[in-house]
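Input: a single structure, listed below in structure tokens.
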Amino acid sequence: MKKRIASFAVLLLAVAVILTACGSPGTGKGDGSEKVVLNVFNWGDYMCDTVLEAFEKEYPHIKVNYETYTTNEDMYVKIKTGGSAYDVAFPSDYMIKRMIDEGLVKEINMDNIPNYKYIDDQFKNLSYDPDNKYSVPYLWGTVGILYNKTMVTEPVDSWSILWDEKYKKQIIMSDSERDSIGVTLKMLGYSMNTKNIDELEEAKQKMIEQKPLVLAYLVDEAKDMMVAESAAMAVVWSGDALIAMGENENLAYAIPKEGTNYWFDCMVIPSTSKHQKEAEIFINFLCDPEMSLRNVDYIGYATPNTETMKMLDPEVITNSTAYPDLNQLENCEIFEYPGDEVNKIYNRIWTEVKAN
Amino acid sequence: MKKGWISYPYILWMIIFTIVPLLLVMYYGFTKTENGTTVLTPDNFIRVMEPTYLKVLWRSVLLALVSTVVCFIIGYPVAMILAGRDISRKSTLVLLFVIPMWMNFLLRTYAWMTLLDRKGLINTLLGALGLPQLNLLYTDFAVILGMVYNFLPFMVLPIYSVLRKIDRSLIEAAEDLGSDTVTVFRKVIFPLSLPGVVSGITMVFMPAVTTFIISKLLGGSQYMLIGNLIEDQFMRVYDWNFGSAVSIIMMLLILLSMGVMARYDKEGTGGGLF
């Protein structure tokens, strides 16, 4: 009997050791040269590969472990449940607010980010992080309709075109909760940040009504489908639109007259991070005008970096797809976090629309 | 008692990876957190009974049933052909059948996306032949196709292994007694192959009813199946309580279907898989 208990205990211990060993990735183990592993969690298609290479070359003691996500919500759940300790993440405005409120992000020591001085003032002190303590702007953009000029001949100036029977099974909606609900609210003439139950319910009905017309709900694949001319229009973010337009000249991007969402993706350090110093080095590196330029060239979104702006081709800046004048965008809003209770309603609406 | 110690690793394994997670799922399924306090509640299950979600459940079962039937109709003859061949060619055939399974499941499904796309290979061919183009990708058809393609080997292999073991002399005896081919099949071969059929059906139906990646890639997140519903609750919405309730309902569903199948497999020889 004793022997049995002993062998059981040994087994338990063995399993415990194995489990703890598996449970702590990225603590700089391995090939002798004590490298710090920096876990970076970014959107899909959201950084130029050469930037990562340049970073690892310049800081040979840091190895970047790069992972991607599709939507803010995906990222939030992974960080909230804390499976792996990420060191840098790239949430958008409303999600930054939520993460700050829930204590999921650390204060960044701005003394370690000297390149912060290049960030344009209009991207500082925004409502989601009023004192600029937690986030450093990475890129910004808008939501709009990417359409194929040969398939859609009428002017695209209203979100309601996404409900036009003529384009049955030719419409791609965004598989991102806030974006799809947001454009529906805008189409109905409501705020994208509404907390009014009736308005939200009306938006839900509209989205269910729209479902038979929708070809698919996609995020990163949407631009590929549009380039391949497999659909007539898609709700996309401005950078994806620019990349797609660069690959197929029949495509165009429009911001409907009802207004849209303009958003800011920022770099934050999750509170589970064990490498704050290296994370700050990384954030600073991404704010470097040269690196920022490489990213902007590669992914098409707009930069908040004043030095990068100077290096850009003036044609790119006057291009309204990439750099719409923030002061002239009418009815446009930044997403706000509506609070836990209303957020549940948003979640539920999205689940019911998708399930229907 | 004496042989007991060798089973400890397995018991431990089952406790850590089956019992504990199951208890956690039960815990989440029957509770909800409001204003920081966790209370016992049947709300999550009441929500599953809403028409919207029942529709998802029904759609999942229906698509899984259709793909199981299609797998069976395609798979049984294939298994018979494989079992009937002489040794040398047979192993090559079986190998050819199994090779696609060595490839990554996701990769195979992505490949179908490029084939079915409106500007994909199939439509290009149709166009070249002057035939009208079809809307293939992001339809029910695409999802069923994906399931049949991915799960067909799970139908063929169990049937094949049972068919191969059928005693030839039984068939010869039936023939000697004057049965024609159809009768031999109906009265001898098919009844003897039933255990393989049963395990084939379970092995196709279960992954089909729970799949979420096929419906996501080939259905464009449009045809939400129960697997997608659960994935969303856990990975996006962060409503683990509702997600757990749906998972429990699905487990019951599978348990039920296994119970039904077990009635047809009284000897329990269904390849010994479940």
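The values are calculated or read from the model by the stated rules, or taken from the named source; none is laboratory data. Note that the structure is a prediction, hence the values are computed from the model and not measured. All Cβ positions, even for glycine, are placed from backbone atoms using ideal geometry, and neighbour counts span all protein chains on display. When the accessible area is computed, the model is the full protein with side chains, heavy atoms only, and any ligands, DNA or RNA have been set aside. Shrake-Rupley method; radii C 1.70, N 1.55, O 1.52, S 1.80 Å.
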Please give the average number of partner chain Cβ atoms lying within 10 Å of the Cβ of each residue in A:208-220, rounded to a whole number.
3
Shape metrics for chain A, restricted to C-alpha atoms - Rg then Dmax, Å:
22.4, 83
Give me the 1.4 Å probe accessible area per residue for the stretch B:1-41, excluding ligands and nucleic acids, in Å².
84
If you count, for every residue in B:153-162, the Cβ atoms of partner chains within 10 Å of its Cβ, what is the mean?
0
Between 0 and 90°, nearest 10: helix B:87-102 axis offset from chain B longest Cα axis
20
On C-alpha positions alone, give me the angle between the axis of helix A:340-355 and the longest principal axis of chain A, in degrees, nearest 10.
70
Other chains' Cβ within 10 Å of B:228-235 residues: what's the mean?
3
Return the ratio Rg/(2.2 N^0.38 Å) for the stretch B:137-270, where Rg is computed over Cα atoms only.
1.40
Short version: which residues of the stretch B:185-227 lose at least 30 Å² of accessible area, all chains versus chain alone, 1.4 Å probe?
B:Gly220, B:Ser221, B:Gln222, B:Met224
Mean Cβ neighbour count within 10 Å, used as a protection proxy, ranking A:98-109, A:113-124 highest first:
A:98-109, A:113-124
If each DSSP helix of 4+ residues adds -39,500 (n - 2.57) and the sum is divided by the residues in chain B, what number results at 222 nm, nearest 500 deg cm²/dmol?
-22500 deg cm²/dmol
Per DSSP H run of at least 4 residues, take -39500 (n - 2.57); add these up for chain A, divide by its residues and hand me the 222 nm value, nearest 500 deg cm²/dmol.
-12000 deg cm²/dmol
Once you have all Cα-Cα distances for the stretch B:1-41, histogram them in 5 Å bins from zero and send the whole-percent values.
6, 20, 15, 14, 12, 10, 9, 6, 5, 2, 0
Charge-dipole axis of the protein assembly as shown as Lys and Arg at +1 and Asp and Glu at -1 on Cβ define it, positive-most pick from A:Ser135, A:Asn356, A:Cys48
A:Asn356
Mind grabbing the interface size between A and B? I mean buried accessible area, both sides, 1.4 Å probe, in Å² to the nearest hundred.
3300
Among the lysines, which have Cα under 27 Å from the Cα of A:Lys168 when same-chain residues fewer than 8 positions away are ignored?
A:Lys149, A:Lys186, A:Lys204, A:Lys206, A:Lys211, A:Lys223, A:Lys257, A:Lys354, B:Lys55, B:Lys119, B:Lys216
Three-way shape call for the stretch A:176-258 based on the alpha-carbon gyration tensor, with the a/c threshold at 1.5
prolate
With an 8 Å Cα cut-off and a minimum separation of 6 or more residues, compute the relative contact order for chain B in percent.
26
So how exposed is A:Ile345, as accessible area in Å² (1.4 Å probe, rounded to 10)?
50
From the backbone phi of the stretch A:116-130, what are the Karplus-calculated ³J(HN,Hα) couplings (6.51 cos²θ - 1.76 cosθ + 1.60, θ = phi - 60°) in whole Hz, Gly and Pro given as x?
4, 5, 7, 6, 4, 4, 5, 9, 10, 6, 7, 4, 6, 8, x
Keeping the other protein chains in place, figure out the carbon and sulfur percent of the accessible area of the stretch B:1-41, with a 1.4 Å probe.
75
Can you list the residues of the stretch A:319-356 that have at least 30 square angstrom less accessible area with all protein chains present than in their chain by itself, probe 1.4 Å?
A:Asn347, A:Arg348, A:Thr351, A:Glu352, A:Lys354, A:Ala355, A:Asn356
Measuring with a 1.4 Å probe in the full set of protein chains, what accessible area per residue, in whole Å², belongs to the stretch B:48-263?
49
Under 5 Å from the placed amide H of A:Ser158, counting only residues 5+ away or on other chains, we find A:Lys257
Just to check I understand the Karplus step: with θ = phi - 60° and J = 6.51 cos²θ - 1.76 cosθ + 1.60, what whole-Hz values come out for the stretch A:230-242, glycine and proline as x?
8, 8, 8, 8, 8, 8, 9, 8, 4, x, 4, 4, 4
Rg (Å, one decimal) plus Dmax (Å, integer) for the alpha carbons of the stretch B:32-181?
23.1, 78
Work out the length of the dipole vector of the stretch B:193-268 about its Cα centre, built from +1 on the beta-carbon of each Lys and Arg and -1 on the beta-carbon of each Asp and Glu, and round it to the nearest 20 debye.
80
Please turn the phi angles of the stretch A:44-52 into ³J(HN,Hα) values with the Karplus equation 6.51 cos²θ - 1.76 cosθ + 1.60 (θ = phi - 60°), one per residue in order, whole Hz, x for glycine and proline.
x, 6, 10, 7, 6, 4, 5, 5, 5
In terms of solvent-accessible area of protein heavy atoms at a 1.4 angstrom probe, what is the ranking of A:Trp140, B:Trp102, highest value first?
B:Trp102, A:Trp140
What are the residues whose amide H is under 5 Å from the amide H of A:Ala302, where those residues sit 5 or more places off or on another chain and H is modelled from the backbone?
A:Trp140
Can you give the local net charge around A:Thr272? Use residues other than it whose beta-carbon is closer than 11 angstrom to its beta-carbon, Lys and Arg +1, Asp and Glu -1.
+3
How long is the protein assembly as shown along each principal axis, judged by its Cα atoms, biggest number first, in Å?
94, 77, 51
Roughly how many Å² of A:Lys195 are accessible to a 1.4 Å probe, to the nearest 10?
120
Amide H of A:Met267 versus every other amide H placed in the peptide plane: which residues, excluding those fewer than 5 positions away on the same chain, fall under 5 Å?
A:Val136, A:Tyr138
For chain B, the Cα gyration tensor yields equivalent-ellipsoid semi-axes (√(5λ), largest first, whole Å) of 38, 29, 17
Please sort A:287-300, B:44-57 by packing, taking for each peptide the average over its residues of neighbouring beta carbons within 10 angstrom, highest first.
A:287-300, B:44-57
Percent relative contact order of chain A, based on C-alpha pairs within less than 8 angstrom and at least six residues apart?
25
Of the accessible area of the stretch B:48-263, computed with a 1.4 Å probe and all protein chains kept, carbon and sulfur make up a percent value of 73
For a quick check of your reading of the filter: which trypsin sites (Lys or Arg not before Pro) in the stretch B:99-129 sit in a DSSP loop and have no more than 16 other Cβ atoms within 10 Å?
B:Lys119
Could you compute how much accessible surface A:Val227 exposes when probed at 1.4 Å, giving the result in Å² to the nearest 10?
40
For the stretch A:226-356, state what percent of all Cα-Cα pairs lands in each successive 10 Å bin, counting from 0 Å until the bin that includes the largest distance.
10, 28, 33, 24, 5
Ranking by accessible area, most exposed first, for B:Phe234, A:Phe282 with a 1.4 Å probe:
B:Phe234, A:Phe282
Tell me the carbon and sulfur percent of the accessible area for chain A, rounded to whole percent, probe radius 1.4 Å.
52
